[in-house]
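Trainee: Supplied in structure tokens, the structure appears directly below.
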Amino acid sequence: MALTPLSEDSWLPSLTLPQLLLAAYTVLTIIALVYAASTSSAAFGAYNSQWDGAGELRTVAADAGANVTVGTNVSQYPTSDTDTTVAVVLSPAEPYSSSERARIAEFVRSGGTLVVAEDYRPEGNALLAAVGADARFDGRPVYDNRNYYRNSSLPEATPAGDYPETAGVDTVVLNYGTTVRAGNATTLVNTSEYAYLDTNGNGELDGEEQLASRPVVTSEPVGDGRVIAVSDPSIFVNAMLERGDNRRFVRNLVASHDDALLDYSHASSVPPVAAAVLAVQRSDALLLLCGVVLVGALLAYDRRLDEHLRDRLREYSGGDPDPNLSRDGVEKYLRASHPDWETAQVERVTEAIIKQRAERQRND
């Protein structure tokens, strides 16, 4: 059954029910594709809103008062006024090149704060060494059979003293994390004395494994900056932010900085739509190009709309008004022919007719 227009002047096309269903399906498909291209399912991903993503990290950093940037290239590390910036690296999946390591090391030495969160991958320790930090991630899982959230693989750690990073924090909950070999770094948070490192991977305390309190967060000065090592990147994911005082702890890491750079240059991939937006934000040339394309599209749409209005005018009147009429004459003609039209519609059709008349004169 065909659906007829609501009125004689309606611009809505007459569509059959199957056509409407197809149009609705197309719109839903486009929405689904755009959503899929703008989100990520990668663990620790900045655009992953699932339990293992770090999409909420951007909100926490913004709530702390920082200007948040999702970095996809090491070139985004600032080279001046670095003391106002904290950079966060979550379990990088690929090694940094020598030039990239040098760029990050210079950022730290000149006053920047670098937070490296890692558990088992080797790239975290490689980055710590490259920037001149003394701390290293142990790489063995830490368990605590007495102080834990739900089971011994989620041990509860506590502040080692009064530090800005641990203000208002009573417990930090890890999720299959490791520990930090502090070296000369200062321990900010450590496990209870009942924690142990599972050397043989059986999840049990046995053999040479020993109970001891061990660091899980350290801080140390490097040049004019600081390096903070966190032995579990899971602390920053959406689900774990709600465990213990993890959210407050993460907020504290950012709170004293004006800018927060979330370094995803060597981590999980950024979804296509988000990557495109970030690329445009970084490039003045791309921003200008997008502006030109948008203006061009608007002009093309405006021209098509004018053509549509002229077609509608011919449909109503059977042709154009007298070509000798002035602009005022055209408006009077339209008002007399279509008393139901609003002023804006009359003016727009008048302008379209005048433009068409000028084009015809040029062509002649």
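The values are calculated or read from the model by the stated rules, or taken from the named source; none is laboratory data. Quantities reported herein were computed from a predicted structural model and do not represent experimental measurements. Cβ sites come from the backbone with ideal geometry, for glycine too, and all protein chains shown count toward neighbours. Note: areas computed on protein heavy atoms with side chains; ligands, DNA, RNA excluded. Shrake-Rupley method; radii C 1.70, N 1.55, O 1.52, S 1.80 Å.
Trainee: Provide the per residue accessible area, probe 1.4 Å, for the stretch 166-243, rounded to a whole number of square angstrom.
Mentor: Value for the stretch 166-243: 39 Å² per residue.
Trainee: Then there is this: Taking R0 as 51 Å, what's the FRET efficiency between ARG335 and GLU94 from their Cβ-Cβ distance, rounded to 0.05?
Mentor: Efficiency, rounded to the nearest 0.05: 0.15.
Trainee: Using a 7 Å offset from the Cα along the Cα-to-Cβ direction at both GLN76 and TYR163, what is the distance between the two label points in nm, to one decimal?
Mentor: 2.7
Trainee: Please compute the length gained on full extension between ALA129 and GLU208, using 0.36 nm multiplied by the number of residues separating them and subtracting their Cα-Cα distance.
Mentor: Numbers: separation 79, 0.36 × 79 = 28.44 nm, distance 2.84 nm.
Stretched out fully, the ALA129 to GLU208 stretch lengthens by 25.6 nm.
Trainee: While we're here: For the pair ALA344 and ASP224, what calculated FRET efficiency results from E = 1/(1 + (r/R0)^6), where r is the Cβ-Cβ distance and R0 = 51 Å, to the nearest 0.05? Walk me through the intermediate numbers first.
Mentor: Values: r = 62 Å, r/R0 = 1.21.
Computed FRET efficiency for ASP224 and ALA344 comes out at 0.25.
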